[in-house]
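What follows is a set of notes on a single structure, which appears directly below.
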Amino acid sequence: MTTEADTLVSTQVYRVYIKATPQAIWDAITKPEWTERYGYGGRAELDPRPGGTYRGLTSEAMRAVGSPDVAVDGEVIEVDPPHRLVMTWRMVMDEEMAAEGFTRLTYEIGEIEGGVTKLTVIHDLEGAPKLALLLSGGMEDLGAGGGWSWVLSDLKTLLETGAALVPQDGLNQG
Amino acid sequence: MNDDDRVFKALSDPTRRFLLDRLFERDGRTLTELESELEMTRFGVMKHLRILEQAGLVVTRRQGREKLHFLNPVPIRLIHDRWIDKYRERRVSALAELKHELEEGSA
C-alpha cells in the first residue's frame, strides 16, 4: 500500500530566484536554442499544448561518447505560458531509469518582483528511486551531472550573465 | 543583507543545520514531525524554520491541510558554483603563474 508519507518522500522541490522576466525563464526552459546553453546542454523539443510531446535530446558531447539521441521523453499535461508547465518525464538514456517509468514534473514561474522572478521546480519521483538519486546530484561523482540544483544554478548564471558556468564539453558523460 | 549572507547566517546555527539534516534524510515534513525531533518549543522551531525559509534553504508547500517543509539545496549549490569555484580557479591560475615564473627564471 502506498501511504501519503511514501508519496511525500519521493517529491523533490527546488527554488531559485533569477533576475529575469517570467517570459525569459519560460523560453529558457522550453526553447531548444536556450536549453542547449545550460545544464546538460541538450535541445528540448516541446509541443506546448496538453497532450503535446516533450523530448529532451542529448547534447553533441554526450552523443560523441555513444549516448542515444533522446535523453528524456514525456507528455505535456498542463501549459500556461509563461507561468506554469506540467508534464510527464521519463529518463530513457539509462535502462533502469527508463524502467522506472514516467514521473511528473512541474515548473512554476512567479510574477516579476523588484526585477526578480521566482522559479520553482517540483518533481514527483514516486517509484523512481534511481532517477531521484541522479536528480538530487547523488551521481555527480560518476560524471552524471549535479541534477536539478546544478541545472538551476547554471540557468540562473546564464540568464543573469549571458554565460553558462560549465563549458558544455566539460560534462563527462560516460 | 544579500542572499549569500542569509544562507551563511542560516547555516551558522546548529539547530538549523540539524533541521536541514532531518529534511535531507526525509523531505516534505510537517512542523509537528520536525518539532518531535528537537527539545525545543514549537515557537522556537518555527522561528528557525522561518530563517531557513528566508534564506531559501527550506521551501514550504501546502498539501491539503498540512504545510510541508522541503529542503532546497539550490542556494548552497549557488555558493559552491559561484563563490567557492572562484577561489579554486584563482588557486589554479596562481599555480600556473608560479610555474610560468619558475620556468622563465630557469631559462
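The values are calculated or read from the model by the stated rules, or taken from the named source; none is laboratory data. Predicted model, so just to flag it, every value in this text is computed and none were measured. Reconstructed Cβ throughout: ideal geometry from the backbone, glycine too, with neighbour counts over all protein chains shown.
A few remarks follow.
- Single unsatisfied condition, A:A98 versus (1) in contact (Cβ under 8 Å) with a residue 24 or more places away in the chain; (2) assigned to a helix (DSSP H, G or I): (1)
- Each residue in segment B:16-25 was checked for being surrounded by 14 or more Cβ atoms within 10 Å (Cβ to Cβ) and touching a residue at least 24 places away in the same chain (Cβ under 8 Å), and 4 pass.
- The residues on offer are A:T35, A:T21, and the sole one that is more than 14 Å from chain B (Cβ to nearest Cβ), modelled with pLDDT of 90 or more, farther than 30 Å from B:E25 by Cα and buried (at least 20 other Cβ atoms within 10 Å of the Cβ) is A:T35.
- Qualifying residue in segment A:9-25 (condition: in contact with a strand residue (DSSP E or B) (Cβ under 7 Å, 6 or more places away or on another chain) and without any contact (Cβ under 8 Å) to a residue 24 or more places away in the chain): no
- Residue pairs meeting the criteria (Cβ under 7 Å; at least 6 apart or on separate chains; first more than 9 Å from chain A (Cβ to nearest Cβ), in segment B:55-69; second aromatic (F, W, Y) and part of a strand (DSSP E or B)): B:V58/B:F70
- Check on A:E45, more than 14 Å from chain B (Cβ to nearest Cβ), within 26 Å of B:F70 (Cα to Cα) and in a strand (DSSP E or B): no
- Selection within segment A:112-126 - among the acidic types (D, E) and free of Cβ contacts under 8 Å to residues at least 24 places away in the same chain: A:E113
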